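One structure is given below, encoded as C-alpha cells.
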Amino acid sequence: MVNQMPNREEVKLEETWNLHDLFQSEKDFEDALKEIESKSLEFNNRFKGSIQRADEVVNALIEYTKLYEIIVPAGTYASLSLSTDQTNTDAQMRASKFGSLSAKVSSQLSFLNSELVELPDNTIEEAISKSPDHQLYLEKLLKKKKFQLHPEVEKTLAAYSASFGAPYKLYDTTKMLDIKFDNFKVNEKEYPLNYVSFENDWEAESDTEKRRAAFEAFSKKLKEYEHTTAKTYDMHLQMEKTTSDIRGYDSIYDYLLFNQEVDRSLYNRQIDLITKELAPHMRKYAKLLQKEHGLEKMTFADLKISLDPTYEPTISVEESKKYIDDALSVMGEEYIEMVNRAYEERWIDFPQNVGKSTGAFCSSPYGSHPYILISWSSRMNEVFVLAHELGHAGHFYYANKEQNIFNARPSLYFIEAPSTMNEMLVANHLLKSSDDPKFKRWVISSIVARTYYHNFVTHLLEAAYQRKVYDRIDQGLNVNAQILNEYKRTVLEEFWGDTVEITEGAELTWMRQPHYYMGLYPYTYSAGLTISTQVSKRILTEGQTAVDQWTKVLKAGGTKSPVELAQMAGVDITTDEPLKDTIAYIGSLIDELETLTEEINKNA
C-alpha cells in the first residue's frame, strides 16, 4: 500500500542530509555571497586589461581558482536545499538569489578567457611550464579559441546565464509544484498517486489492475501539461541551437559533444548498435515477464514488474549498509571508509516527502564531501540505486582529493562508468552470497531490470528520441507536443516491435526526464555501463590488479579523455567490441533467467 507522502518538516532528521557541513547558518551563506561579490569585483579591477606576461597569467588563474572554490559550495547549498523541498519559499528565494549573483559574477569574470585566448601561444606555453596545475584549463581554452566571441558579447551572454537556465527551472517547477495527481480507483477503492510513488512503487506493482490504472491516471494528468512542457523544452532547444550557430559550430551535435571530448561516431554507435542488437534480447525478456505473470498481452505499463512478485525482498536503510559494505569491500579500505562516512555523517537524504526532487543524484562540491539524494522505498533494488550514487560519490571523493577544481570533473561521456561499476559489484557480490535458485533469479532479474534496463533501455531510448529531436532542431525547425509524442512513440515501437503494446500515454515519457535539459546526457549511461561491465569482469578474474587500475582511473578525474580513461582501465572504446560484448552479456543473463525459471517452475 502506497501512503500519502509527509511534508518535509515531518520526516526523521537522522535520515536527511546535513547541509551544515557546507554552511553552519543562513548568515554564513549570506556572508559567502557577499564575499563572492566583493572578490569577483576585486578580481575584475586587478586583472582586467593587465594580463600580458606568463607570470600574470599564472597569478590570475591562481586567484580565479580561489574564487571558484568559494562559489561552488554556495551554489551547491542553494541547489541542494531546494531539491529536498521545492515548495519551501525560503529555498526558492535562496536559489534565485544565488542564480542572479552567479550571472552577475560570470559577466564580471568573462574577460579572463577572452583575454587569455588572445595571448600569443608562446606566452600560454610559458604559463603552463610555470604552473602545470593549470595546463588542462589552458589547453581546453585554446581548443575553444575559434568558438570564442568578442569580449563584450561574452560578457553579455554571461550576464544572461541565469535566464538561459530558466527553461529547466520552469520544467522542474511545473513537474514538482504545479502537477497534482488525483487518486486513482480500482474496484471502488482509492489509491494515492504522485511522481515518487508512481516511479518507485506503482510502476513495479505486481497487481496488474492497479499497475495499469496507476499508469493511466499518471499519463492522463501528464497530458494536461504536455503543451506547456513542450514549449518549455523547445525554448531550451532553441537556446542551444542559437548558441551553436553564433559560436560557429558546424552542427548542434558538434557544440554539445565538444566538452565531452568524443566525436560523433562514438555517440551514434551507442544508439545504433543498442537499438538494433539489444532489442531482440529485451523482447525475449518482455515475453518471459508476460508468461510468468500470465498476461494476455504485454503493455508498456508492464515493463517494470518483477519477474517473481512473490519474491521481492525489502530492506531498511540500516540493513542496506551491510550489503553495500560487503559488496564494495573489494574497492579497499579507503573506499569503504568513504561509504561508512556517507551513512554516519548524513551525506545521504533518504526520506520521501512532498516537493522533493524525483529520482536520485549525487552532488560532489569541491572542498566538501559528496551529497546523495534518494527517495528510499524499502525495496531491495534501492540497494542498486544507492550503490550507483555512491559510485559517483567515490569517484569525486578521489578526484577532488587528487586534482584541482578545474581538473577533477571528467567528460560527461565517462561520468556514469564509476556509478554503474558499483551496481555490477553489488550484483557480483549477491550472486556469490547464495545458491538458492529463487534468490539467484531475483539478483539476475535485478541486474537486467534495474541496471541494464535503466541504463541500456530507458536512457538509451531517451537518447534515440533525443537524436530525432536534435536532427530537427539542427535544420532550424521547432518542436511541439505532437511532434515530441510522435518521436517518442516511434522510438518505442521500433525497439519493442509487436512484443509490447505501446499503451496510450507511453509517448508522454519524454515529459518525465530532466536529462533533456543537460545536453547529450542520456546516451552516456550506456556508454558508462559498457566500460564498467568490462572492468567488473576484469575485477572478477584479475582481482586486485584490476581494482588498482580502476582506482587510478577514479583519481585521474578529468585529466584524461574518455578514451584514455577507458584505456587506463583496460577497455578500448574506439572499437565496437566492448559494446557488442556487453550486449551479448545481457543476452546471456536473460537466457539464464529463462533456464532458472524453468527449473523453479518444474520444482514448484
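In region 248-272, the residue that is farthest from Ala566 (Cα to Cα) out of those that are open to solvent by 50 Å² or more (accessible area, probe 1.4 Å) and not aromatic (Phe, Trp, Tyr) is Asp250. Residues in region 279-294 that are more than 16 Å from Leu593 (Cβ to Cβ) and surrounded by 16 or more Cβ atoms within 10 Å (Cβ to Cβ): Ala279 alone. Name the single residue, out of those in region 517-529 being hydroxyl-bearing (Ser, Thr, Tyr) and under 11 Å from the mean Cα position of the chain (by Cα), that is surrounded by the fewest Cβ atoms within 10 Å (Cβ to Cβ). Out of the qualifying residues, it is Tyr521. Of all residues in region 308-342, those that are of a type in the set (Phe, Trp, Tyr), closer than 28 Å to Asp436 by Cβ and at pLDDT 95 or above total 0.
Thr228 - would you say it is open to solvent by 70 Å² or more (accessible area, probe 1.4 Å) and at pLDDT 95 or above? Answer is yes for this residue. Checking each residue in region 476-496 for being open to solvent by 50 Å² or more (accessible area, probe 1.4 Å), in contact (Cβ under 8 Å) with a residue 12 or more places away in the chain and in a helix (DSSP H, G or I) picks out Glu486, Arg489, Glu494.
Taken as a whole, region 462-475 holds at least one residue that is β-branched (Val, Ile, Thr), touching a Lys or Arg at 6+ places or on another chain (Cβ under 7 Å) and either under 23 Å from Val535 (Cβ atoms) or not in a loop (DSSP other than H, G, I, E, B) (or both). Considering Thr275, Thr310, Thr358, the condition of being of a type in the set (S, T, N, Q), open to solvent by 20 Å² or more (accessible area, probe 1.4 Å), in contact with a Phe, Trp or Tyr (Cβ under 7 Å, 6 or more places away or on another chain) and in a loop (DSSP other than H, G, I, E, B) is satisfied by Thr358 alone. Taking region 57-101, which residues are open to solvent by 40 Å² or more (accessible area, probe 1.4 Å) and over 20 Å from Thr174 (Cβ atoms)? Scanning region 57-101 gives Asn59, Ile62, Glu63, Lys66, Tyr68, Glu69, Asp90, Lys97, Ser100. With the requirement that a residue be in a helix (DSSP H, G or I) and either open to solvent by 10 Å² or more (accessible area, probe 1.4 Å) or farther than 26 Å from Ile374 by Cα (or both), what does region 197-214 give you? Once the filter is applied, which keeps residues that are in a helix (DSSP H, G or I) and either open to solvent by 10 Å² or more (accessible area, probe 1.4 Å) or farther than 26 Å from Ile374 by Cα (or both), region 197-214 yields Glu199, Asn200, Glu203, Ala204, Thr208, Glu209, Lys210, Arg212, Ala213.
Here the condition is being modelled with pLDDT under 95 and closer than 22 Å to Lys580 by Cβ; of Phe495, Phe456, it holds for Phe456 alone. Considering region 109-133, the residues that are surrounded by fewer than 20 Cβ atoms within 10 Å (Cβ to Cβ) and hydroxyl-bearing (Ser, Thr, Tyr) include one that is farthest from Glu42 (Cα to Cα), namely Ser129.
Can you find a residue that is open to solvent by less than 40 Å² (accessible area, probe 1.4 Å), under 30 Å from Ala604 (Cα atoms) and of a type in the set (Ser, Thr, Tyr) anywhere in region 423-436? Yes: one or more hits. Pairs linking a residue in region 231-242 that is closer than 14 Å to Pro514 by Cα and among the β-branched types (Val, Ile, Thr) to a residue that is part of a helix (DSSP H, G or I) and open to solvent by 50 Å² or more (accessible area, probe 1.4 Å), with Cβ atoms under 6 Å and 6 or more positions apart or on different chains, are Thr232/Leu170. Please go through region 160-187 and pick out each residue that is outside any helix (DSSP H, G or I) and either at pLDDT below 90 or among the small types (Gly, Ala, Ser) (or both). Gly165, the sole residue that qualifies. Taking the stated definitions as given, is Ala213 touching a Phe, Trp or Tyr at 6+ places or on another chain (Cβ under 6 Å) and small (Gly, Ala, Ser)? Considered against the rule, which asks whether it is touching a Phe, Trp or Tyr at 6+ places or on another chain (Cβ under 6 Å) and small (Gly, Ala, Ser), Ala213 comes out as yes. Remark: pairs (first residue in region 207-221, under 15 Å from Asn183 (Cβ atoms); second residue in a loop (DSSP other than H, G, I, E, B) and open to solvent by 20 Å² or more (accessible area, probe 1.4 Å); Cβ separation under 6 Å; 6+ apart in sequence or on different chains) = Lys221/Phe181. Checking every residue in region 285-307 against the condition of being modelled with pLDDT under 95 and over 30 Å from Leu508 (Cβ atoms) gives zero matches. Of the residues that make up region 381-395, is at least one in contact (Cβ under 8 Å) with a residue 24 or more places away in the chain, within 18 Å of Val426 (Cα to Cα) and assigned to a strand (DSSP E or B)? Among the residues of region 381-395, not one is in contact (Cβ under 8 Å) with a residue 24 or more places away in the chain, within 18 Å of Val426 (Cα to Cα) and assigned to a strand (DSSP E or B), which makes the answer no.
The values are calculated or read from the model by the stated rules, or taken from the named source; none is laboratory data. Worth saying up front: this structure is predicted, and the values here are computed from it rather than measured. Glycine gets a Cβ as well: all are built from the backbone with ideal geometry, and neighbour counts include every protein chain shown. Accessible surface is based on the protein model in full, side chains and every heavy atom, while ligands, DNA and RNA are left aside. Shrake-Rupley method; radii C 1.70, N 1.55, O 1.52, S 1.80 Å.
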